[in-house]
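What follows is a single structure, written as structure tokens, with notes after it.
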Amino acid sequence: MLRPPLSILTASPSAAAAGDKKHKPVNRRRRMALKQISSNKCFGGLQKVFEHDSVELNCKMKFAIYLPPKAETGKCPALYWLSGLTCTEQNFISKSGYHQAASEHGLVVIAPDTSPRGCNIKGEDESWDFGTGAGFYVDATEDPWKTNYRMYSYVTKELPQLINANFPVDPQRMSIFGHSMGGHGALICTLKNPGKYKSVSAFAPICNPVLCPWGKKAFSGYLGTDQNKWKAYDATHLVNSYPGSQLDILIDQGKDDQFLSDGQLLPDNFIAACTEKKIPVVFRLQEANMICFYCVGNGILNGYDHSYYFIATFITDHIRHHAKYLNA
């Protein structure tokens with residue numbers, strides 16, 4: 001394992017002090033201490049994984065970070081990836097094939113875990129779509145989840161401050177993207193924070209969670225039964241109150257995605273809301289470009305689905321989409 005320079009492991013006093021003004025009082029060393037878990041050379045850069053004690057989530061959290069070759073000589077833009085249900089920080093870095101494009105465009109890419117872990121909350125491991133691995137990027141308001149399940153604040157506040165203080169990134173150049181539950185997260189983080197992110201994109205995002213089974217289950221558990229509170233974390237509803245600052249949204253959706261046909265994703269509702277508000281959105285329904293007659297004859301779906309094979313096919317397009325704005 002390669003040991004990073006001290007500057008990567010410890011925040012500068014000025015950066016830490018600035019962060020303390022915006023957050024509840026905490027032990028600065030505890031908040032900023034990073035433990036390197038792994039480091040691997042990849043396309044001239046380094047793919048690393050770190051662990052730290054999260055103040056927002058009250059548990060240890062892991063995040064992956066790719067440092068491109070350009071990070072050795074100067075500050076680079078930061079691109080945040082949010083993963084979907086059941087994922088950890090490992091899925092994206094091991095399956096998407098994003099490294100070459102990130103290296104070429106000089107982007108630092110950060111991929112956090114999808115929820116707190118090991119919090120000993122009753123029921124947190126009982127189902128795959130709620131609790132562990134399913135934080136839904138909200139700040140929970142209901143017991144027993146509200147103490148730990150604050151993924152929205154972690155992703156939009158604590159993690160960026162940690163990254164800005166410890167790695168060679170430009171805090172003014174930041175973008176976000178994600179998949180499924182993480183696509184939902186990327187969209188709401190952008191829509192709730194106008195101007196914070198230079199660009200946003202998503203693969204098969206959960207676009208209207210207040211109306212889909214996944215969203216109803218998660219929101220009722222984390223946010224309670226008042227559905228008006230749910231709308232604060234629903235991209236389709238947030239579009240209606242978005243103030244209109246420049247946005248250029250890219251969404252890729254596989255035509256043979258089973259969760260699309262099951263009514264979990266509901267992209268049409270989001271597109272309609274964006275059209276009404278005149279918010280530019282490029283929605284690409286990705287179809288198979290060849291026909292497998294065996295599959296057709298046996299009722300087997302042959303097109304792009306919800307998997308990382310789909311993500312890997314179009315990940316370079318998304319990196320380029322973000323680089324256009326981050327490197328402008």
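The values are calculated or read from the model by the stated rules, or taken from the named source; none is laboratory data. All values derive from a computational prediction rather than experimental measurement. Positions of Cβ are generated from backbone atoms using ideal geometry, with glycine treated the same way; all protein chains shown enter the neighbour counts. Areas reflect the complete protein model, heavy atoms only, side chains present, ligands, DNA and RNA absent. Shrake-Rupley method; radii C 1.70, N 1.55, O 1.52, S 1.80 Å.
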Quick one: would you say Q161 is in contact with a Gly (Cβ under 8 Å, 6 or more places away or on another chain), in contact (Cβ under 8 Å) with a residue 24 or more places away in the chain and open to solvent by 10 Å² or more (accessible area, probe 1.4 Å)?
-> yes
Answer yes if at least one residue in the range 120-134 is at pLDDT 95 or above, open to solvent by 10 Å² or more (accessible area, probe 1.4 Å) and closer than 20 Å to I65 by Cα, and no otherwise.
-> no
Among the residues of the range 34-57, which ones are among the small types (G, A, S), part of a strand (DSSP E or B) and more than 16 Å from N166 (Cβ to Cβ)?
-> S38, G45
For residues in the range 227-242 being within 22 Å of H322 (Cβ to Cβ) and out of contact with any Cys (no Cβ under 8 Å at 6 or more places or on another chain), which is modelled with the highest pLDDT?
-> L238
Counted residues in the range 245-281 being out of contact with any Ser or Thr (no Cβ under 8 Å at 6 or more places or on another chain), acidic (D, E) and part of a loop (DSSP other than H, G, I, E, B) come to 3
In this structure, does G123 turn out to be assigned to a loop (DSSP other than H, G, I, E, B), touching a residue at least 24 places away in the same chain (Cβ under 8 Å) and either among the β-branched types (V, I, T) or more than 19 Å from K229 (Cβ to Cβ) (or both)?
-> no
Assess whether S94 counts as being closer than 29 Å to C42 by Cα, not in a loop (DSSP other than H, G, I, E, B) and not hydrophobic (A, V, I, L, M, F, W, C).
-> yes
Would you be able to say whether some residue in the range 40-47 is of a type outside the set (G, A, S), open to solvent by 40 Å² or more (accessible area, probe 1.4 Å), at pLDDT 95 or above and in contact with a helix residue (DSSP H, G or I) (Cβ under 6 Å, 6 or more places away or on another chain)?
-> yes
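Answer yes if at least one residue in the range 224-231 is crowded, with 23+ Cβ neighbours inside 10 Å and either closer than 27 Å to Y309 by Cα or among the β-branched types (V, I, T) (or both), and no otherwise.
Filtering the range 224-231 for residues crowded, with 23+ Cβ neighbours inside 10 Å gives none.
For the range 224-231, residues crowded, with 23+ Cβ neighbours inside 10 Å and either closer than 27 Å to Y309 by Cα or among the β-branched types (V, I, T) (or both): absent.
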